[in-house]
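What follows is one structure encoded as structure tokens, with my remarks underneath.
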Amino acid sequence: MSQKQLPELTLGEGDLFGAALMAPAFASDLSTWTVTIHKHGLLTQTVSLSQPPSFDGNIAVLRQHVTKEKLEALKQIVQDESLTDFGPFPDMCITDQEQTRLMFHLFGKTTVIDAYGPHAVAMMGETQADKTKALRYCRLWDAIVSLTPFTPYRD
């Protein structure tokens with residue numbers, strides 16, 4: 001069976017937040033996904049399933065509602081961490097980490113931040129400034145991921 005292509009992460013009309021796991025870290029679940037969160041609370045997660053035992057690449061679309069309070073909490077993280085002015089994510093020479101992307105449209109501006117191994121950089125970054133910057137990214141990443149319906153396969 002040929003694998004279907006996961007659509008690129010884009011924010012549609014009214015979408016405030018987006019996140020994408022573009023390449024998984026070294027793990028048994030090789031699924032990738034995108035998620036968008038609309039201003040009215042509709043969360044849509046599109047997953048390219050690549051899990052044991054078949055790794056078939058089928059596409060699944062999952063939806064659920066995010067409360068207004070959780071949307072406000074995400075906006076507050078963006079403000080608290082000054083993510084609209086984040087700049088490039090710190091580099092670190094490490095392999096087998098996940099490639100991620102955050103995208104948000106707030107305060108009249110669309111911001112896109114690509115991060116390779118954000119949690120690894122937060123723990124083992126080359127400088128304290130790199131670790132701190134990675135933690136700022138991870139705070140929003142983790143908050144969005146906690147809202148998503150997809151649960152990766154675990155051994």
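The values are calculated or read from the model by the stated rules, or taken from the named source; none is laboratory data. Predicted model only: the values in this text are computed from it and were never measured. When we count neighbours, we look across all protein chains shown, and the Cβ atoms used for this are built from the backbone with ideal geometry, even at glycine. Note: accessible area is taken over every heavy atom of the protein model, side chains too, but ligands, DNA and RNA are not part of it. Shrake-Rupley method; radii C 1.70, N 1.55, O 1.52, S 1.80 Å.
Restricting the trypsin sites (Lys or Arg not before Pro) of the range 76-155 to loop positions (DSSP other than H, G, I, E, B) with no more than 11 neighbouring Cβ atoms within 10 Å leaves Arg154.
Using every pair of separate Cα atoms, the Kirkwood estimate puts the hydrodynamic radius of the chain at 16.1 angstrom. Annotation for the range 56-107: chymotrypsin sites (Phe, Trp or Tyr not before Pro) lying in DSSP loop with at most 15 further Cβ atoms inside 10 Å of their Cβ are Phe107. Using a probe radius of 1.4 angstrom, the carbon and sulfur fraction of the accessible surface of the range 1-91 is 52%. Note on the chain: GNM, Cα springs under 10 Å; of Ser31, Ser48, Ser82, the largest mean-square fluctuation is that of Ser82.
What the chain shows is 55 Å² of accessible area per residue, with the surface traced by a 1.4 Å probe over protein heavy atoms. For the chain, the longest piece that avoids every one of the GluC sites (Glu not before Pro) found in DSSP loops with at most 16 other C-beta atoms within 10 Å covers 14-125.
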